[in-house]
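Please find one structure pasted underneath; my questions will follow.
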Amino acid sequence: FSSFFSVQAVTTALAQVDREKIYQWINELSGPETRENALLELSKKRESVPDLAPMLWHSCGTIAALLQEIVNIYPSINPPTLTAHQSNRVCNALALLQCVASHPETRSAFLAAHIPLFLYPFLHTVSKTRPFEYLRLTSLGVIGALVKTDEQEVINFLLTTEIIPLCLRIMESGSELSKTVATFILQKILLDDTGLAYICQTYERFSHVAMILGKMVLQLSKEPSARLLKHVVRCYLRLSDNSRAREALRQCLPDQLKDTTFAQVLKDDTTTKRWLAQLVKNLQEGQVTDPRGLPLPPQ
């Protein structure tokens, strides 16, 4: 018994020391000389400290310091001169903001302060260098953490911003990993009824989304990625829940999703195969055909 209690006491003492270090690093974020190391240490610990988000949000000057880190590299975006060191440092700040974005206690305040908007200049960048790619991916991660919560207020907020065109551009020309996160964000917006209605409200919005998804299918037929294809198929399937979008998809769904192009890629992915079959079924239902099996134009 005594050995058990001594181990427990040591563990508690270590946890307390660790906690003291967390408080110290949070305080050090306010000092320009100590901030870089504090960012690094806290970003390493963010998974292991469950209440780090409220600690960051409610401590004096911390969020201002994180926003200062973001704003400080705006001049390096245009012209694109961002170095690996700058990128790593700001991405540590973004990792802490992601922590705040995903925590139920701080998410609403995070949105009310419009903090995601500070990240949009990073999503506008097009440079293909590694520092920029890492910056875009980490910024998308913050938005991804928000939509992952399936909260209505998140979707309502995002629909008042330019996140959909930003995601579509990255889906068209980003790295595979960035494309995957951007498509996941679009998927989560579509899965919300308000988001689906918003995208299908005008032909311009729908056609932009359908055009990019179509380009992605074409690209995926040449360079397959099961993970990315899964999100693309889910987006198409969700669009087919809207009657007007369904009509349009009957005309513009890529042939590669109707034939055996992706049979090999999806052979072990029962979920995506099921989604794809459901999509094709949705598009076939309600179609009027003549005796030769050809679709008739609507009267």
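If Ser178 meets every condition in (1) under 26 Å from Ser108 (Cα atoms); (2) open to solvent by 10 Å² or more (accessible area, probe 1.4 Å); (3) of a type in the set (S, T, N, Q) apart from one, which number is that one?
For Ser178, the exception is condition (2).
For Val209, state whether it is of a type in the set (Val, Ile, Thr) and under 27 Å from Asp268 (Cα atoms).
Considered against the rule, which asks whether it is of a type in the set (Val, Ile, Thr) and under 27 Å from Asp268 (Cα atoms), Val209 comes out as no.
For region 119-149: of the residues being of a type outside the set (A, V, I, L, M, F, W, C) and within 12 Å of the chain's Cα centre (by Cα), which is surrounded by the most Cβ atoms within 10 Å (Cβ to Cβ)?
For region 119-149, the residue satisfying everything is Ser139.
Checking the condition assigned by the TED database to the domain that holds Thr34, at pLDDT 95 or above and outside any helix (DSSP H, G or I), which residue from Leu82, Leu96, Leu67, Leu56 passes?
Leu82
Could you tell me which residue of region 150-161 is farthest from Lys230 (Cα to Cα), considering only residues that are assigned to a helix (DSSP H, G or I) and open to solvent by less than 40 Å² (accessible area, probe 1.4 Å)?
Phe157
Shifting gears a bit: So which residues in region 162-180 are among the acidic types (Asp, Glu) and assigned to a helix (DSSP H, G or I)?
Correct list: Glu172, Glu176.
Among the listed residues Thr194, Thr183, identify the single one that is in contact with a His (Cβ under 7 Å, 6 or more places away or on another chain) and either in a helix (DSSP H, G or I) or open to solvent by 30 Å² or more (accessible area, probe 1.4 Å) (or both).
Thr183
Condition test on Gln256, is it modelled with pLDDT of 95 or more, under 20 Å from Ile155 (Cβ atoms) and over 22 Å from the mean Cα position of the chain (by Cα)?
no
In addition: Being open to solvent by 10 Å² or more (accessible area, probe 1.4 Å), modelled with pLDDT of 95 or more and of a type in the set (Ser, Thr, Tyr) is true for just one of Ser108, Ser87, Ser48. Which residue is that?
Ser108
Which pairs have Cβ atoms under 6 Å, sit 6 or more apart or on different chains, and link a residue in region 40-52 that is basic (Lys, Arg) to one that is not in a loop (DSSP other than H, G, I, E, B)?
Arg46/Leu52; Arg46/Cys99
Continuing with the same structure: Which pairs do you get when a residue that is closer than 14 Å to Val142 by Cα, found in region 99-116, comes within reach of a residue that is basic (Lys, Arg) and open to solvent by 50 Å² or more (accessible area, probe 1.4 Å), reach meaning Cβ atoms under 6 angstrom, with the pair 6+ apart or on two chains?
Going by the 6 Å Cβ cut-off, the qualifying pairs are Cys99/Arg46.
Testing Tyr120 on (1) over 17 Å from Ser76 (Cα atoms); (2) not in a loop (DSSP other than H, G, I, E, B), one condition comes back false. Which one is that?
Condition not satisfied by Tyr120: (1).
The values are calculated or read from the model by the stated rules, or taken from the named source; none is laboratory data. Since this is a predicted model, take the numbers as computed values, not measurements. Glycine also receives a Cβ, built like all others from the backbone with ideal geometry; neighbour counts cover every protein chain displayed. The accessibility values were calculated without ligands, DNA or RNA, using every heavy atom of the protein model including side chains. Shrake-Rupley method; radii C 1.70, N 1.55, O 1.52, S 1.80 Å.
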